[in-house]
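Structure, as structure tokens:
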Amino acid sequence: MADDAPAIAIGPTPDPLLEEAVRRGGARSAPLESANALVWTANPVGFPDPLPENIRWVQLGAAGIEEWFSERVITPDTSIVWTSAAGAFAATVAEHALALLLAGVRALPEHLEAKTWRQQEFFSKVGTLRGATVAIVGAGGIGRALIPMLAGVGTDVIAVNRSGSPVPGAIETLPTTRVGEVWARADHFVIGAPATDATHHLVGAAELAQMKPTAWVINVARGSLIHTTALVKALRDNTIGGAGLDVTDPEPLPDGHPLWELPNVIITPHDSNPPSVRPQAFADHVALNVTRFVSGEKLTALIDPAVGY
């Protein structure tokens, strides 16, 4: 590695896999005091404050970075380029979202509960994703990974993102300002938006009331995006078909919470991105961004300090 190659610090502790990713990207590892950029794998606690003036870019280790704003580590007036891990774990989270949606539509929870042959009863409960329309609200990396998976079972996708820029594979892309149009149109929903003040309780009583009685709502983003009390009522009243939740509000979901008792809910303990796949996926993400940093290209998963993600 050339001595004049950009220098990347890794913190808060050394990581051989990330050091290899930095080399793979065409840079070299260096102490924070002499580095041009920092790859930080922990939360805001212990983050260098202030950063040395030589740091131009910080790569964070998570896709959800709301605590970096609440702790005011990232502020709207920052001069540093910040990137998250958004997209690094998209494929495995998308796979989990598809599993939750298929399980719900095919009535797998009720099948698993049944201890007798009840074929006639299930004929009216088992649905299909073939020919259905799924709205992906917050169609970032996870949504883009999920679209071809859904296409494989014959499902159309309406994508919703901040800009409304077309998402490959979606039959239509809407800006977030038009998200209200999807609740009555789509058959099912995957929530993948970031957690910000603007998206808090994005799905509440009014939105749930517009959905079809067979609709399943899948949340693999943040629990605060869905109004839990409104969701419990919709599920109890069978206003919607069901919910698949890898995230909840509150989280962890306490014992005795109504969501545990409802038959039309599938809850997984925020494990759509299991530890077994994270290190290599993040290392690949780092290598890609280091390559871009070295060549002066636009980095991927850029954080917009003005909007909070």
Original post:
Filter the stretch 147-156 for residues that are more than 11 Å from Gly131 (Cα to Cα) and of a type in the set (A, V, I, L, M); which is surrounded by the fewest Cβ atoms within 10 Å (Cβ to Cβ)?
Top reply: Met149
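Do you know which of the residues in the stretch 16-35 that are without any contact (Cβ under 8 Å) to a residue 40 or more places away in the chain and in contact with a helix residue (DSSP H, G or I) (Cβ under 8 Å, 6 or more places away or on another chain) is farthest from Phe69 (Cα to Cα)?
Going residue by residue through the stretch 16-35, those that are without any contact (Cβ under 8 Å) to a residue 40 or more places away in the chain are 16, 19, 23, 28-35.
Then drop every residue that is not in contact with a helix residue (DSSP H, G or I) (Cβ under 8 Å, 6 or more places away or on another chain), which leaves 28-29.
Working: Arg28: 29, Ser29: 27 Å.
So, considering only residues that are without any contact (Cβ under 8 Å) to a residue 40 or more places away in the chain and in contact with a helix residue (DSSP H, G or I) (Cβ under 8 Å, 6 or more places away or on another chain), the one farthest from Phe69 (Cα to Cα) is Arg28.
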Subject >> Given (1) among the charged types (D, E, K, R); (2) in contact (Cβ under 8 Å) with a residue 40 or more places away in the chain; (3) surrounded by fewer than 14 Cβ atoms within 10 Å (Cβ to Cβ), index of the condition Glu297 fails >> reply: (2)
**OP:** Check Ala170, Ala159, Ala193 and return the single one that is touching a Ser or Thr at 6+ places or on another chain (Cβ under 7 Å), in a loop (DSSP other than H, G, I, E, B) and closer than 26 Å to Gly64 by Cα.
**Re:** Ala193
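To keep it simple, each residue is scored yes or no on (1) surrounded by 20 or more Cβ atoms within 10 Å (Cβ to Cβ); (2) of a type outside the set (Asp, Glu); (3) within 20 Å of Gly296 (Cβ to Cβ).
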{"site": "Ala5", "(1), (2), (3)": "no, yes, yes"}
{"site": "Pro16", "(1), (2), (3)": "no, yes, no"}
{"site": "Arg28", "(1), (2), (3)": "no, yes, yes"}
{"site": "Leu32", "(1), (2), (3)": "no, yes, no"}
{"site": "Ala35", "(1), (2), (3)": "yes, yes, yes"}
{"site": "Arg72", "(1), (2), (3)": "no, yes, no"}
{"site": "Thr75", "(1), (2), (3)": "no, yes, no"}
Original post:
Considering only residues of the stretch 204-232 that are assigned to a strand (DSSP E or B) and without any contact (Cβ under 8 Å) to a residue 60 or more places away in the chain, which is nearest to Asn273 (Cα to Cα)?
Top reply: Asn219
Original post:
Between residues in the stretch 157-178 that are within 18 Å of Arg130 (Cα to Cα) and residues that are in a loop (DSSP other than H, G, I, E, B) and charged (D, E, K, R), which pairs lie under 7 Å by C-beta distance while being six or more apart or on different chains?
Top reply: Ile158/Arg185
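Residues checked against (1) part of a loop (DSSP other than H, G, I, E, B); (2) assigned by TED's automatic domain parsing to the domain that holds Ala281:
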{"residue": "Trp68", "(1), (2)": "no, yes"}
{"residue": "Thr75", "(1), (2)": "yes, yes"}
{"residue": "Thr78", "(1), (2)": "yes, yes"}
{"residue": "Trp82", "(1), (2)": "no, yes"}
{"residue": "Ala97", "(1), (2)": "no, no"}
{"residue": "Leu101", "(1), (2)": "no, no"}
{"residue": "Gly104", "(1), (2)": "no, no"}
{"residue": "Leu112", "(1), (2)": "no, no"}
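The values are calculated or read from the model by the stated rules, or taken from the named source; none is laboratory data. What you are looking at is a predicted structure, and each value in this text was computed from that prediction instead of being measured. When we count neighbours, we look across all protein chains shown, and the Cβ atoms used for this are built from the backbone with ideal geometry, even at glycine.
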